[in-house]
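See below for the structure under consideration.
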Amino acid sequence: MKLSRWFVVLCGMVLLATTLASPIQAQPQPTLPQSDLVINTAKGPQRFRVELADNDMSRSRGMMFRTSMAPDAGMLFDFKQEQMASFWMRNTLLPLDMLFIKADGTILNIHQRAIPHDESGVNSTGPVRAVLEVNGGTVSRLGIKPGDTVDHAIFGRAPKR
């Protein structure tokens, strides 16, 4: 009887310590401003509705704690100027494809199917203006490749309807 009581107390302490040690508590994710984006591929234009993460707070939060994303949705991280970019998947629950995009809207490099919770860096191969995150598998499903171009207002080319 004494042993089971201590076991319950110990389990409660472990649960409390785990909760307090979490660096960022899961909270409902606010929706960021949305806009249209088109990727011009060999298969034709691929249309997305993206959320724009264009400040330090929204870029640092990114896709953390999201449990789903529509097939034609994504998040566009705008750095405002070209720079080297590095991402990780800490607190990210969905596998993601990451497209690293130069200031002229050209896709420089792609990382497919980033693994949820992986803390290793996913990097651009050169300076980029933005990174587009979409559901893992989207790049291969739609035939998106480096060199394809992206139409969005931040690249000076708003998508045509």
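Here are some notes:
- Stretched out straight at 0.36 nm per residue, the stretch from ARG47 to ALA153 would grow longer than its current Cα-Cα span by 36.8 nm.
- Gain on full extension, evaluated as 0.36 nm per residue between MET57 and MET84 minus their Cα-Cα distance, stands at 7.9 nm.
- Cα-based Kirkwood hydrodynamic radius, the range 57-113, one decimal, Å: 12.6
- Annotation: amide H-H contacts under 5 Å for ARG157 (H modelled 1.01 Å from N, sequence separation of 5 or more, or interchain): HIS152.
- Near ASP151, once Lys and Arg are set to +1 and Asp and Glu to -1 for all other residues with Cβ below 12 Å from its Cβ, the sum equals +1.
- Here each label is just a point 7 Å from Cα along the line to Cβ, and for THR106 and ASN123 those points are 2.2 nm apart.
- Of every Cα-Cα pair in the range 29-161, the percent that sits beyond 19 Å: 42
- Net charge in the neighbourhood of MET89 (other residues with Cβ under 9 Å of its Cβ; Lys, Arg +1, Asp, Glu -1) is -1.
- Its relative contact order, with pairs defined as Cα atoms under 8 Å and 6+ residues apart, puts the range 43-127 at 28 percent.
The numbers here are math on the coordinates, done by the rules we state, and not lab data. Since the model is a prediction, treat every value here as computed from it, not as a measurement. Cβ: placed from backbone, ideal geometry, glycine included. Neighbour counts: every protein chain shown.
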